[in-house]
Amino acid sequence: MGRRLLTVSMLILVVAISHWATPIDDYGLLALHVLWRKLFIIPIILAAIWFNMRGALATALAETVLYIPHIVLQWGSHTGENINQAGEVATLWIVAVLAGFFIRREKTALK
């Protein structure tokens, strides 16, 4: 369990730091910035597989806490983009719930 928790934690940090550090001024870098944002889903899915619904939701919470300051600091004056960013946060929670649900169903079926 320790290695798995460390793996999920490190993935969250790598994605968050890379996302925060990638500039948005250049369109090429903006594409990379968006890619990093999308990669927030991977730790949630791993947490759902390894730690069930509770792990998926805890991971979504950790990512939300790391992501909200980014929205405020980097996109605070862009109302349209703020709506998009809020949608990204909602997507993280939807993925967490769905991944937790389907992983639980799969594990129950395998038993």
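What residue, of Leu29, Leu92, is of a type in the set (A, V, I, L, M), surrounded by 12 or more Cβ atoms within 10 Å (Cβ to Cβ) and in contact (Cβ under 8 Å) with a residue 24 or more places away in the chain?
So the residue among Leu29, Leu92 that is of a type in the set (A, V, I, L, M), surrounded by 12 or more Cβ atoms within 10 Å (Cβ to Cβ) and in contact (Cβ under 8 Å) with a residue 24 or more places away in the chain is Leu92.
Pull up region 1-25, narrow it to residues that are modelled with pLDDT under 85 and touching a Leu at 6+ places or on another chain (Cβ under 9 Å), then point me to the one that is surrounded by the fewest Cβ atoms within 10 Å (Cβ to Cβ).
It comes out as Pro23.
Can you run down the residue pairs with Cβ atoms below 7 Å, 6 or more apart or on separate chains, where the first is in region 42-53 and on the phi > 0 side of the Ramachandran plot and the partner is at pLDDT 95 or above and not charged (D, E, K, R)?
So the pair list comes out as Asn52/Gly100; Asn52/Ile103.
Quick check on Ile71: is it at pLDDT below 95, touching a helix residue (DSSP H, G or I) at 6+ places or on another chain (Cβ under 6 Å) and either open to solvent by 80 Å² or more (accessible area, probe 1.4 Å) or outside any helix (DSSP H, G or I) (or both)?
No; evaluated as a whole, the condition is false for this residue.
Scan Glu81, Glu106 and give me the residue that is open to solvent by 40 Å² or more (accessible area, probe 1.4 Å), among the acidic types (Asp, Glu) and at pLDDT 90 or above.
Answer to the check: Glu106.
Looking at the structure I just gave you, is Ile41 at pLDDT 95 or above, within 19 Å of Thr22 (Cβ to Cβ) and open to solvent by 40 Å² or more (accessible area, probe 1.4 Å)?
Yes, satisfied.
The values are calculated or read from the model by the stated rules, or taken from the named source; none is laboratory data. In this text, all values refer to a predicted model and were calculated from it rather than measured experimentally. Note that we place each Cβ from the backbone using ideal geometry, even for glycine, and neighbour counts take in every protein chain shown. Calculation scope for accessible area: heavy atoms of the full protein, side chains included, ligands and nucleic acids excluded. Shrake-Rupley method; radii C 1.70, N 1.55, O 1.52, S 1.80 Å.
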